[in-house]
Amino acid sequence: MNPRDSDDDRPGAAAGSSSAATEQQQSLEWRFAQVFGERAAGEDVQEVDIISAIEFDKSGDHLATGDRGGRVVLFERTDVRDEHANRRELERQDVPITRHPEFRYKTEFQSHEPEFDYLKSLEIEEKINKIKWCQTANNALFLLSTNDKTIKYWKVQEKKVKQVSVMALDTSRTVGDGTTSRASTSTSEPPLPNGGCSKKSDSLNSDLLFPPGGYPSLRLPVVTSQDVNLVARCRRVYAHAHDYHINSISNNSDGETFISADDLRINLWNLEINSQSFNIVDVKPTNMEDLTEVITCAEFHPTHCNTLAYSSSKGSIRLIDLRQSALCDNHSKIFEEHEAPGARSFFTEIIASISDVKFSRDGRYLLSRDYMTLKLWDLNMDSGPVSTFQVHEHLRPRLCDLYENDSIFDKFECCLSGDGLHVATGSYGNLFRVFGSTPGSMEVTTLEASRNPMRRQIANPTRPTRGTLTSMTRGVRRGGENLGVDANGNSLDFSTKLLHLAWHPTENSIACAAANSLYMYYA
């Protein structure tokens, strides 16, 4: 998709405006695919096993998860892509083809350990905050993982375990009179430097005297390959560059650099250099009492290596161009939605804080998640979002309760499909929601992270509001979507939340984390 195209050139725009029949064809029917780490009913979940990060690589053939115990677990795709022969056979039998990505456990390794900052007297958790895949090379996988303070660059590669056969010599064979002949190691002549000897006959300096015809039992060592092991090796450690907790890392499309962001700063790194980084964004005021907002997320543009976006706790997204200056104090664009007059309350700024930002695959659109909504932004239109999807509007009457139990500070992630036609995000009760993002689409699907994802499906969900509606209009559309509970959300369990999910880059497949379990669905 060309970033200079008009608004009508959005993916699926023609389908969204053509007919209801075409729109119906785009609706996805989700099915359960796999689960890893499923716990039995009543089984307690260990804190260290809770998944804290999920990421597909660009090809979609590998999936990585990180947990609160500092471990990274890798999965690889197993289903065969090239099935032309099987397809022809099934077509002859008139059998429908239903394939979906299938993954299997590949390996795992301990990425981070708990640490203690003696200067600040602070414990540093081992929890994995983010994982990002890097470019592959020589059949090896590369990825970045980070906890609150330290980023690590990992190389995962198959290593063949090789065993050397020891050189064997049958000493039972005899020479001459039936006794094994030995050469004398003593000599009356002085030794030469480096253990040499003046006489050629003594040059071997060995316990064995080789007969004139050679020794038939002498064999050269043979190297044999045994099992194949996956070895994870930490190539580099990027540390001591953040005073505050790292909330995001993002790879650049140039394949050489990446950024890391904390509450007040964004640093630019070179993958090959871990001794220095460049501070490109700094929002720390001279007097910390003047601090009004913090950085919540940062993401590189998928194709423009000079462009990145970062979000703030005030609900704004700033687009910056690295070519403008070394320290990007000024943004090139800002995306924010102004609140309706008279709608401000104690919770306004808290629920406006953006927890996640994702670019569409072509880089034309930007998806943001705040506590109440998903918003889709067009990079060519900074006047307001092109679509707003209500996620937690039914919880508005319970904001006081959510504030008291700290649930209002939960950070939900979001994701887009590879074709840009759908968006998804998580909610409470281990639920997640998928919205159609094409103009005119009213597709909304609520699924539960379980083997039966549709059992919590609601009959008449609230339709997503489009960008043409005013903020005030969006503000009054409350209480309609109840996720299978009453309008006040009384039956929701706020202790079970689906914070992390990822969409396969090329297929309609979603991986999501419910506590220590990884569920996968396809459509």
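The values are calculated or read from the model by the stated rules, or taken from the named source; none is laboratory data. Remember, it's a predicted structure, so these values are computed and weren't measured experimentally. Cβ placement follows ideal geometry from the backbone for every residue including glycine, while neighbour counts extend to all protein chains displayed. Note: areas computed on protein heavy atoms with side chains; ligands, DNA, RNA excluded. Shrake-Rupley method; radii C 1.70, N 1.55, O 1.52, S 1.80 Å.
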Counted charge near Asp356, where neighbours are those whose Cβ lies closer than 12 Å (Asp, Glu -1; Lys, Arg +1): +1
Between region 495-523 and region 279-323, the alpha-carbon center distance in angstrom: 28 Å
Accessible area, probe 1.4 Å, largest first, for residues Lys155, Lys160: Lys160, Lys155
Lys/Arg +1, Asp/Glu -1 at C-beta; region 220-326 dipole; positive extreme among Met288, Ala309, Ser277: Ser277
By average C-beta atoms within 10 angstrom, highest first, the peptides 335-344, 103-112: 103-112, 335-344
Net dipole in debye of region 305-411 [+1 Lys, Arg Cβ; -1 Asp, Glu Cβ; about Cα centre; nearest 20]: 300 debye
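Once you've got the Cα coordinates, tell me which of Lys106/Lys160; Lys130/Lys358; Lys130/Lys160; Lys120/Lys284; Lys152/Lys314; Lys120/Lys411 are over 22 Å apart. Could the numbers behind the result be given before it?
On the way: Lys106/Lys160 16 Å; Lys130/Lys358 14 Å; Lys130/Lys160 30 Å; Lys120/Lys284 19 Å; Lys152/Lys314 30 Å; Lys120/Lys411 26 Å.
Where the Cα-Cα span goes over 22 Å, the pairs concerned are Lys130/Lys160; Lys152/Lys314; Lys120/Lys411.
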Karplus-derived HN-Hα couplings along region 145-160 (A = 6.51, B = -1.76, C = 1.60, θ = phi - 60°), whole Hz, x at Gly and Pro: 9, 9, 9, 5, 10, 10, 9, 10, 10, 10, 10, 10, 9, 6, 10, 7
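What whole-number value in Å² describes the accessible area per residue of region 347-434 for a 1.4 Å probe?
With the other protein chains kept in place, region 347-434 gives 26 Å² per residue.
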Distance between region 51-73 and region 370-396 - C-alpha centres, whole angstrom: 27 Å
Solvent accessible area, Å² - Glu125, 1.4 Å probe, full protein context: 110 Å²
Region 282-405, accessible surface, carbon-and-sulfur percent (1.4 angstrom probe): 48 percent
